[in-house]
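Read the structure below first, then the notes.
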Amino acid sequence: MTWLMGTLTAPSYPALAVLACYLLGGLFLLLKQARRLNVLTLGEESARSLGIDTEHVKRVVYVLSAPITGAVVSVSGMIGFVGMVIPHAVRFLLGADHRLLLPASACIGGMYLVIADTWQRIRCSHRQKFLLGSSLRWQVDHSSSTSWCGERIGSQ
């Protein structure tokens, strides 16, 4: 069942090395796109008028983001998707500058996942025989707050 829900147990060192390469390399390459992404936040038409090839930028970002997400999910399982709302919350708090947004989202998303998992483990420690996987516990307990956060950010 671990493969279905995910786990935060320590991966093997080779898996961790591969994950680090994907994350560091992908984040570095995404940061090189930060200025273009900042211009793209003005809207596609405005970005095109400023000389940005919007379709190319979108393709590059998709191609860079997919392996990063795949690497995280391949090591941690579905629980790697828990932090997907974090970039939106970070944008709400820090603004839309992708030079700050990308690294802050990566750091805060990882911290959020560890804090949520630790909180759930502490909360459920007295019920060891009924202990569910981390991602399922998190989804049940935090789905409403995540939905509220998404609605609040989407309305602005």
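Just one of (1) buried (at least 18 other Cβ atoms within 10 Å of the Cβ); (2) at pLDDT 85 or above trips up V85, so point out which.
All conditions are met except number (2).
Just the residues that are hydroxyl-bearing (S, T, Y) and surrounded by fewer than 13 Cβ atoms within 10 Å (Cβ to Cβ), please, taken from region 12-26. Quick ask: steps written out before the conclusion?
Filtering region 12-26 for residues hydroxyl-bearing (S, T, Y) gives 12-13, 22.
Matches in region 12-26: S12, Y13.
Yes or no, residue by residue, for (1) within 18 Å of the chain's Cα centre (by Cα); (2) of a type in the set (D, E, K, R); (3) surrounded by fewer than 15 Cβ atoms within 10 Å (Cβ to Cβ):
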position: F28; (1), (2), (3): yes, no, yes
position: E45; (1), (2), (3): no, yes, yes
position: V72; (1), (2), (3): yes, no, no
position: G77; (1), (2), (3): yes, no, no
position: V90; (1), (2), (3): yes, no, no
position: L94; (1), (2), (3): yes, no, yes
position: L102; (1), (2), (3): yes, no, no
position: M111; (1), (2), (3): yes, no, yes
position: W119; (1), (2), (3): no, no, yes
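Kindly list the number of the only condition in (1) at pLDDT 90 or above; (2) under 17 Å from the mean Cα position of the chain (by Cα); (3) not basic (K, R) that fails for L50.
Against the list (1) at pLDDT 90 or above; (2) under 17 Å from the mean Cα position of the chain (by Cα); (3) not basic (K, R), L50 comes up short only on (2).
The values are calculated or read from the model by the stated rules, or taken from the named source; none is laboratory data. Note that the structure is predicted; figures quoted are calculated from it, not measured. Cβ: placed from backbone, ideal geometry, glycine included. Neighbour counts: every protein chain shown.
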